[in-house]
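What follows is one structure encoded as structure tokens, with my remarks underneath.
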Amino acid sequence: MNCKDIRDIILTDFLDGEQWEEKRREIDQHLAGCLACRAFAEEAKEKAVTALQNAKPIRLDEEAIWQNIKNQIEEEAAPAFLSNPLMGFLTHLKDALLTPKVVMASVKVAIVLLVMVFQFKLIYDNHLAQQKPPAEEIQVLAYALEEFTFEESNGEESEMASYGTAIEEYFL
Amino acid sequence: MVELAQEIIRQAQAGDLRAFEQIYRTHVGFVSNVVYRVVGNMEDAQEVTQDVFMNIYRKLNNFRFESSLKTWVYRISVNCAINHIKRTGKHKNTVEYADVFAAQGADSVRESMHQMDNEKLVSQLLAGLSPEQRAVIVLRSIEGLSYHEIAQTLKIPINTVRSRIKRAREAMLALRQEVVKNEL
């Protein structure tokens, strides 16, 4: 191998410790006798490898990235129509209303309202019943009315009916 | 980094978010490091790291345990970072040194200066490479993967790995010589 071949290997396998035993022996022999290639190997290591190997790992805001990823996953998992804000609100409202606590509270309120309506109806019916005239009074009134109309139809004038005013009597 | 138990991966494949969070916590360190070194700035690195894990989440059911999860995650990270560079046209590194050292927490002013110099140099070296060369150099010199692992990760022949590394190092040496010439 000439110096160019050796330098190609120095830049790759030699610097990275990847070369197999036979190749390594050959390179070591060449470097032992070639000052220029030895200098090249040292320069290549210093200028193209060491700085990168010494680079410290950077750290990003891992918590913020995770929150963004989580939000994106949850967004993608939701049905497409939920991306509409109104539909999203309605669905959240439905979910909130259908929780067991809310359902139980609604049932209790409905029962209380039914009992109140029933009670009110009873009180109202009683009130109406008190305002109605008793059946006996109605019968008496009906009888009196009947008698009065019967007398009128027979031509018998009552005391009130037989006398007019003084002027009427004069002309009659 | 500890390899995750297959059971965790299977749970995540079944949609268990807690299991996926474990995958995230185990891999986020090297993913963000690789992505940052390839894209070259913190803001883009954050965005691409997020994309990497969303890709992992969406494609997790395609993972058949034929390679290690780590290799698969490396592949997605490198692909996302290279695609980002090509999409945005940001081929040059624009490293915010202050951010890098704030995150690393240097022990002393002297060490901090040394780190800053080294970081500046790393940034300059990587900036002169193509995205593909940058990816193999990051996997080899920063992450310490073997040629065989890089070939598996990027799904390329091992001789392609070798030739990319050689060209990348030639480019880095040329850059350093150019810098020395300019300083003189």
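We did not get these values from a lab; they are worked out from the coordinates using the rules stated. Here the structure is a predicted model, which means the values were calculated and not measured. Note that each Cβ is placed from the backbone with ideal geometry, even for glycine, and that neighbours are counted across all protein chains shown.
At a glance:
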item	result
Percent RCO, i.e. relative contact order, over the range B:19-83, from Cα pairs under 8 Å lying at least 6 residues apart	43 percent
Peptide-level mean, for B:166-173, of C-beta atoms on other protein chains within 10 Å	5
Linear extension gain, B:Arg110 paired with B:Thr88, 0.36 nm per residue minus alpha-carbon span	4.3 nm
The range A:1-125, Cα convex hull volume normalised per residue, Å³	217 Å³
Backbone HN-Hα couplings from phi across the range B:27-42 [Karplus 6.51/-1.76/1.60, Hz, Gly and Pro as x]	9, 4, x, 6, 4, 5, 5, 4, 4, 4, 5, 7, 7, x, 8, 5
Among B:Ser68, B:Asn41, B:Cys80 the positive-end extreme of the charge dipole of the range B:21-87 (Cβ point charges)	B:Ser68
Per-residue Cβ neighbour rank within 10 angstrom, fewest leading, B:Arg110, B:Arg134, B:Arg75	B:Arg110, B:Arg75, B:Arg134
Interatomic Cα distance distribution for the range A:3-53, bins of 5 angstrom, percent	4, 22, 34, 24, 12, 3
Footprinting exposure proxy for B:Arg162, B:Arg169, B:Arg87 (fewest neighbouring C-beta atoms within 10 Å first)	B:Arg87, B:Arg162, B:Arg169
Entries of A:Lys23/B:Lys155; A:Lys4/B:Lys86; A:Lys4/A:Lys45; A:Lys94/A:Lys121 with Cα pairs more than 24 Å apart	A:Lys23/B:Lys155; A:Lys4/B:Lys86; A:Lys94/A:Lys121
Packing rank of A:102-108, B:17-23, where each peptide gets the mean count of other beta carbons within 10 Å, highest leading	B:17-23, A:102-108
Dipole magnitude of the range B:6-183, debye to nearest 20 (Cβ charges: Lys/Arg +1, Asp/Glu -1, about Cα centre)	820 debye
J(HN,Hα) series, the range A:43-49, from Karplus relation 6.51 cos²θ - 1.76 cosθ + 1.60, nearest Hz, glycine and proline x	5, 4, 5, 5, 8, 10, 10
Which of A:Glu22, B:Glu47, A:Glu137 has the fewest Cβ neighbours within 10 Å, and the rest in rising order	A:Glu22, A:Glu137, B:Glu47
Range of Cα positions in the range B:6-183 per principal axis (Å), largest first	59, 40, 29
